Amino acid sequence: MSILIDGKALAAEMRAQLCERVKNFKIEHGKEIGLAVVLVGEDPASQVYVRNKIRACEEVGIRSYAYRLPESATQEEVEMLIDELVASDHIHGILVQLPLPKHLNERKLLRRIPPAKDVDGFCAENVGNLAMNRETIVACTPFGAMKMLEKYGIDPKGKRAVVLGRSNIVGKPMAMLLLNADATVTVCHSKTENLKEICASADILVVAIGKAKFVTADMVKDGAVVIDVGMDRDENGKLCGDVDFEDVKDKASYITPVPGGVGPMTITMLLYNTVQTAERS
Ligand code: NAP
């Protein structure tokens with residue numbers, strides 16, 4: 001049986017440390033750290049995510065400012081709101097909950113958020129800095145995955161890492177982080193040939209494809225570290241990951257569960273990024 005990488009425990013430990021940094025910031029600067037969350041429309045999943053983010057802010061003492069705009073909000077209205085938040089001294093981080101309603105130009109909206117307040121780490125400058133291995137704000141989910149490796153003493157240096165999935169928010173930044181940590185990185189996607197063999201060659205396998213239980217034991221090398229980013233539903237509607245946990249758990253040396261693995265780290269890293277941006281401001 002492999003060692004379980006406990007994201008819930010690490011998230012709790014990191015949030016306790018963040019609480020202290022938030023308190024110190026207030027003492028030093030005489031004001032709270034502020035995170036603005038912008039939600040446009042009624043998407044039920046987005047509403048849950050926003051609620052969870054606000055609750056997490058409260059837990060560590062970050063002041064959250066939630067802006068809920070109707071589905072009918074125009075590009076100009078959302079842009080005006082973002083501009084106000086950018087100008088505010090009380091707001092250290094701005095997050096626009098995605099996906100946005102179809103009539104809004106997402107790229108144009110996100111470009112209004114300056115890199116220093118881009119706590120999601122999605123803007124071109126922050127992604128570019130990550131690619132060049134410079135100080136930056138890193139996308140929360142892959143950043144959380146790296147913190148998990150660090151916590152468990154897993155050094156990617158010299159290791160063969162395979163990232164399954166190439167999305168802008170998970171796969172690509174994950175690959176860059178592993179490369180920056182001196183791993184030899186291969187990125188796989190839906191057009192990759194010999195996927196099984198490539199996965200089975202990985203010392204560190206990170207899976208982010210959104211396909212329930214896709215990765216089975218025959219795709220995993222003996223003793224590999226397996227990080228499962230997926231958040232899917234199985235045939236019974238139960239939350240599961242992209243990795244078939246039961247099948248793989250005896251083959252991996254370390255594995256993240258779903259739930260309780262990468263998931264709790266994502267919001268924690270949002271809090272972490274917000275504290276970082278405030279301290280740097
Ligand atoms: P995404 O934008 O849909 O990207 C999926 C990626 O997987 C794409 O690069 C796609 O390849 C690749 N892919 C899909 N099917 C594949 C297959 N059969 N073989 C190989 N590659 C395949 O997804 P995402 O936003 O990165 O999210 C991935 C998963 O992580 C989802 O389950 C999501 O819910 C979860 N997630 C979890 C958290 C968290 O906090 N735990 C955060 C974000 C996402 P192409 O590029 O060729 O299409």
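The values are calculated or read from the model by the stated rules, or taken from the named source; none is laboratory data. Note that the coordinates shown come from a computational prediction; the quantities given were computed from them, not determined experimentally. Here Cβ is always computed from backbone atoms with ideal geometry, including for glycine, and neighbour counts include all displayed protein chains.
Numerical summary
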quantity	calculated
Residue, nearest to the ligand (Cβ to nearest atom), within the stretch 238-262, restricted to residues that are of a type in the set (A, V, I, L, M, F, W, C) and part of a loop (DSSP other than H, G, I, E, B)	258
Residue in the stretch 219-236 that is acidic (Asp, Glu), touching a strand residue (DSSP E or B) at 6+ places or on another chain (Cβ under 9 Å) and near the ligand (Cβ under 10 Å from one of its atoms) present	yes
Condition met for residue 178 (modelled with pLDDT of 95 or more and under 17 Å from the mean Cα position of the chain (by Cα))	yes
Unmet criterion (only one of (1) under 28 Å from residue 225 (Cβ atoms); (2) surrounded by 15 or more Cβ atoms within 10 Å (Cβ to Cβ); (3) in contact (Cβ under 8 Å) with a residue 40 or more places away in the chain) for residue 195	(3)
In the stretch 227-247, residue nearest to residue 171 (Cα to Cα) [restricted to those that are of a type in the set (A, V, I, L, M, F, W, C) and surrounded by 24 or more Cβ atoms within 10 Å (Cβ to Cβ)]	229
Search result, residues across the stretch 164-191 that are within 6 Å of the ligand (Cβ to nearest atom), more than 21 Å from residue 258 (Cα to Cα) and in contact with a helix residue (DSSP H, G or I) (Cβ under 9 Å, 6 or more places away or on another chain)	188, 189
Single residue of the stretch 57-93 satisfying the filter (among the β-branched types (Val, Ile, Thr) and under 20 Å from the mean Cα position of the chain (by Cα)) that is farthest from residue 110 (Cα to Cα)	60
Close pairs (7 angstrom Cβ cut-off, 6 or more residues apart or separate chains): over 12 Å from residue 133 (Cα atoms) and in contact (Cβ under 8 Å) with a residue 60 or more places away in the chain in the stretch 154-183, within 16 Å of the ligand (Cβ to nearest atom) and small (Gly, Ala, Ser) anywhere	164/208; 165/171; 165/208
Any hit, the stretch 35-56, residues being more than 19 Å from the chain's Cα centre (by Cα) and within 16 Å of residue 279 (Cα to Cα)	no
Selection status of residue 211, within 10 Å of the ligand (Cβ to nearest atom), surrounded by fewer than 24 Cβ atoms within 10 Å (Cβ to Cβ) and more than 17 Å from the chain's Cα centre (by Cα)	yes
Single condition residue 117 does not satisfy, out of (1) farther than 21 Å from residue 34 by Cβ; (2) buried (at least 16 other Cβ atoms within 10 Å of the Cβ); (3) charged (D, E, K, R)	(1)
Filter result for the condition that a residue is outside any helix (DSSP H, G or I) and buried (at least 16 other Cβ atoms within 10 Å of the Cβ), over 18, 39, 10	39
Residue 146 within 16 Å of the ligand (Cβ to nearest atom) and either among the aromatic types (Phe, Trp, Tyr) or touching a Leu at 6+ places or on another chain (Cβ under 9 Å) (or both)	yes
